[in-house]
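Read the structure below first, then the notes.
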Amino acid sequence: MAAEPVVLLHPFGVTAQVWRPVLPRLAERHEVLTPTLPGHGGGPPFDGAFTFQRLADQVERQLDGLGVGTAHLVGSSAGGALAIELAKRGRARSVVGLSPGGGWEPGGRVPRRLARGFSWLPPILAAADPRLERILARPRARRLALSGLMRRGHLVERDEAAALVRSLLACTTVAVACTTVAGAVRELRAGRMHLEALDRVAAPVLLAWGEHDTVLPARTCAARLREGIPAVEYRVLPGVGHLPMWDDPGLVAATIAGWISRHARVRVAA
């Protein structure tokens, strides 16, 4: 019988590269697709002015082009928000959201580190770009450079870390990247990446939050999702940060595979 289809949706700013640590384990039992989102390095161009809903429209077209009707959707950060949005549209058999975005209160407090990242990162990365390999040569430097995203950045190889950083420079979609933190907060409050009508999510959803996530802290970003999604389960992933697939690939792969197994439509031979 055919394997269960699984689509991995990466965060804003980066590419499908972020799934490399868990991809081999998931691909052993599932048909795994890792599209790069529109407007991101290596992905299709983004069409029109940015809104989150328009991005979801274009990702739906990507799924159509890949021949995917429904699948188990796994998303990290904004990719998790996209997975939940696509579930509202009937495209999900199940959802795993790894610290998904879009859950803060409408018009309310936006995670400060998220706003700072949109406003400060591009010029810093552009200045560092010509010397990235030298800057990231030492494990301690990689841990520091990636500390906002993961707890164990020192374990990422130098070239892999440089490619991850450079993917942020190649992204053109994040139109919420403003010149000031205040401007970024205004854009985020305006609903550019906000999830609404959560009661329309029919698929079972697992919210798996990194214990040490400082980009989208659970205390400000999880409650509305937990309360608004009908068939939802919440877990804390111990010892990991915002991109847990790099901090603990075994834990993340097992979490995803276990959830898919519980909600599989077909049985895959052991």
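The values are calculated or read from the model by the stated rules, or taken from the named source; none is laboratory data. What you see is a predicted model, and the numbers here were worked out from it, not measured in a lab. Methodologically, a virtual Cβ is constructed for each residue, glycine included, from the backbone with ideal geometry; neighbour enumeration extends over all protein chains shown.
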* Structure fact -> Checked the stretch 43-65 for anything touching a residue at least 40 places away in the same chain (Cβ under 8 Å) and surrounded by 12 or more Cβ atoms within 10 Å (Cβ to Cβ); matches are F46, F50, T51, F52, L55, V59, L63
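Results for (1) at pLDDT 95 or above; (2) of a type in the set (A, V, I, L, M); (3) closer than 28 Å to L155 by Cβ, shown as yes or no for each residue.
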| residue | (1), (2), (3) |
| --- | --- |
| T179 | no, no, no |
| G191 | no, no, no |
| L207 | yes, yes, yes |
| V232 | yes, yes, no |
| P238 | yes, no, yes |
| V266 | no, yes, no |
| A270 | no, yes, no |
* Asked: Quick one: what pairs do we get from the stretch 125-148, first residue over 19 Å from H242 (Cα atoms), second modelled with pLDDT of 80 or more and loosely packed, with under 13 Cβ neighbours inside 10 Å, C-beta under 9 Å, 6+ apart or different chains?
  -> E133/D159; L136/D159
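Assess whether L251 counts as being of a type in the set (A, V, I, L, M), farther than 16 Å from G80 by Cα and at pLDDT 95 or above.
Judged against the criteria, L251 is a match.
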* Mind counting the residues in the stretch 119-134 that are modelled with pLDDT of 80 or more and touching a helix residue (DSSP H, G or I) at 6+ places or on another chain (Cβ under 6 Å)? => 1
* Which one of G103, G13 is within 26 Å of V240 (Cα to Cα), in a loop (DSSP other than H, G, I, E, B) and in contact with a Lys or Arg (Cβ under 6 Å, 6 or more places away or on another chain)? -> G103
